[in-house]
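Input: one structure, supplied below.
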Amino acid sequence: MRTTVGIIGAGPAGLLLARLLHNAGIDSVVLEGRDRTYVEQRQRAGILEQGTVDVLRAAGAAERLDREGLRHDGIELRYDRKRHRVDFPALTGGRSVTVYAQTEVCKDLIALQLEEGGPLLFEAEALAVEGADTDHPRVRFRRDGREDVLECDYVVGCDGFWGSPARPCPPR
Ligand SMILES: Cc1cc2nc3c(=O)[nH]c(=O)nc-3n(C[C@H](O)[C@H](O)[C@H](O)COP(=O)(O)OP(=O)(O)OC[C@H]3O[C@@H](n4cnc5c(N)ncnc54)[C@H](O)[C@@H]3O)c2cc1C
């Protein structure tokens, strides 16, 4: 298998990168060690900062976010029987945060990738990046019990905090 950009990991970083590359006309293949259900149900972030919302909109991936996300304009701290409002837009020139779970962002990006983007392979665990110091790096990965190779011009590790793909996927 061959592609321009091999992306390791289908978390928000890998999925959004694949979307941005697709929009720029650059092909990619995403390798994700877990299955689709696991990735779509993995509970993590709940709040998106303004910059994240902006980039998802620019990537054409915010249709449901704009419909279902809850804009959050501030918080109220209470002490000494007084309310102290922290007004985000007033303090930041109009910026706010949005309550929209990371699971939903991943679902939206996965759906777009499968409909419009390049291959997104679940249960495809990257085992090693080979030739990283050459013009033709390769990702060795395992899928369906078989080892395969993804030949690329570029490899991007979007495998989260776990680091080198030479290590196995993080435990659940
Ligand atoms: C409990 C919790 C709450 C959080 N709350 C917030 C919040 O409110 N707001 C906020 O902005 N952020 C929050 N975060 C942080 C946010 O979730 C992370 O910043 C985000 O998940 C990072 O995305 P990522 O794509 O870089 O990595 P990840 O989401 O970790 O995705 C990495 C992907 O790579 C895959 N992978 C790993 N190794 C391999 C391999 N060898 N081969 C193939 N695939 C592989 C993994 O299975 C995974 O799908 C929270 C995090 C946690 C844990």
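Any chance you could check the Cα centroid distance between the range 50-74 and the range 10-35 for me, in angstrom?
Rounded to whole Å, the Cα centres lie 19 Å apart.
So who's got an amide H within less than 5 Å of the one on Ala10, skipping anything under 5 residues away but keeping other chains? H placed 1.01 Å off N, in plane.
Here the answer is Gly33, since their amide H atoms fall under 5 Å of that of Ala10.
Quick query: amide H of Ala128 versus all other amide H atoms, modeled in the peptide plane; which residues come in under 5 Å with a sequence gap of 5 or more or a different chain?
For Ala128, the qualifying residues are Arg140.
Right, next: Pop out the ³J(HN,Hα) list for the range 89-102 in order, Karplus 6.51 cos²θ - 1.76 cosθ + 1.60 with θ = phi - 60°, rounded to Hz; leave Gly and Pro as x.
x, 5, 8, 10, x, x, 8, 8, 10, 10, 7, 7, 5, 4
Using a 1.4 angstrom probe and counting only protein chains, how large is the accessible area of Arg95 in Å², to 10?
Ignoring ligands and nucleic acids, Arg95 comes out at about 110 Å².
Right, something else. Rounded to the nearest 10 Å², what accessible area does Tyr154 show when all protein chains are kept and the probe is 1.4 Å?
Here the accessible area works out near 140 Å².
Any idea how far apart Thr4 and Tyr79 come out in nm if each label point goes 7 Å out from Cα toward Cβ?
In this crude label model, Thr4 to Tyr79 measures out at 5.3 nm.
Given H placed on each backbone N at 1.01 Å, which residues far from Ala45 in sequence or on other chains put an amide H within less than 5 Å of it?
Gln102
Could you bin all the Cα-Cα distances of the range 54-138 into 10 Å bins starting at 0 and give me the percent of pairs in each, rounded to whole numbers?
Here the calculated profile for the range 54-138 is 13, 27, 24, 18, 13, 4, 1.
Would you kindly derive the ³J(HN,Hα) couplings of the range 111-125 from the backbone phi angles with the Karplus curve 6.51 cos²θ - 1.76 cosθ + 1.60 (θ = phi - 60°), listing them in order in whole Hz, with x for Gly and Pro?
Computed from phi, the couplings for the range 111-125 are 4, 5, 4, 5, 6, 10, x, x, x, 10, 9, 7, 6, 10, 8 Hz.
Let me check something: with ligands and nucleic acids excluded, how do Phe122, Phe88, Phe141, Phe161 order by accessible area (1.4 Å probe), largest to smallest? List each step's numbers first, then the result.
On the way: Phe122 30, Phe88 50, Phe141 5, Phe161 155 Å².
My answer, sorted largest first, is Phe161, Phe88, Phe122, Phe141.
Same structure again: Carbon and sulfur together cover what percent of the accessible area of the range 63-172 at a 1.4 Å probe radius? Could you put the intermediate results ahead of the total?
Values: 3590 of 7240 Å².
On the range 63-172, the fraction of accessible area on carbon and sulfur atoms equals 50 percent.
Please calculate the 1.4 Å probe accessible area of Asp108, with all protein chains present, and give it to the nearest 10 Å².
My reading of the accessible area for Asp108 is about 20 Å².
Report the equivalent ellipsoid semi-axes for the range 1-130 in whole Å, largest first, defined as the square roots of five times the eigenvalues of the gyration tensor built from alpha carbon atoms.
Numbers: eigenvalues 241, 50, 29 Å².
Taking √(5λ) for each eigenvalue gives 35, 16, 12 Å, largest first.
Turning to a different aspect of this structure: Place a point 7 Å from Cα of Ala101 in the direction of its Cβ. Which residues in the range 11-42 have their backbone N less than 13 Å from it?
Within reach of a label on Ala101: 38-42.
Now for a different question. Enumerate the calculated ³J(HN,Hα) couplings along the range 47-59 in order (Karplus 6.51 cos²θ - 1.76 cosθ + 1.60, θ = phi - 60°), each rounded to whole Hz, writing x wherever the residue is Gly or Pro.
Result, ordered by residue: 10, 10, 6, 4, x, 5, 4, 4, 6, 5, 5, 4, 7 Hz.
Using heavy-atom solvent-accessible surface (probe 1.4 Å) with all chains present, what is the largest-first order of Glu68, Glu63, Glu32? Please report the intermediate quantities before stating the final value.
Values: Glu68 90, Glu63 130, Glu32 15 Å².
Accessible-area ranking of Glu68, Glu63, Glu32, largest first: Glu63, Glu68, Glu32.
The values are calculated or read from the model by the stated rules, or taken from the named source; none is laboratory data. What you are looking at is a predicted structure, and each value in this text was computed from that prediction instead of being measured. Methodologically, a virtual Cβ is constructed for each residue, glycine included, from the backbone with ideal geometry; neighbour enumeration extends over all protein chains shown. Just the protein is used for accessible areas: all its heavy atoms, side chains included, with ligands, DNA and RNA removed. Shrake-Rupley method; radii C 1.70, N 1.55, O 1.52, S 1.80 Å.
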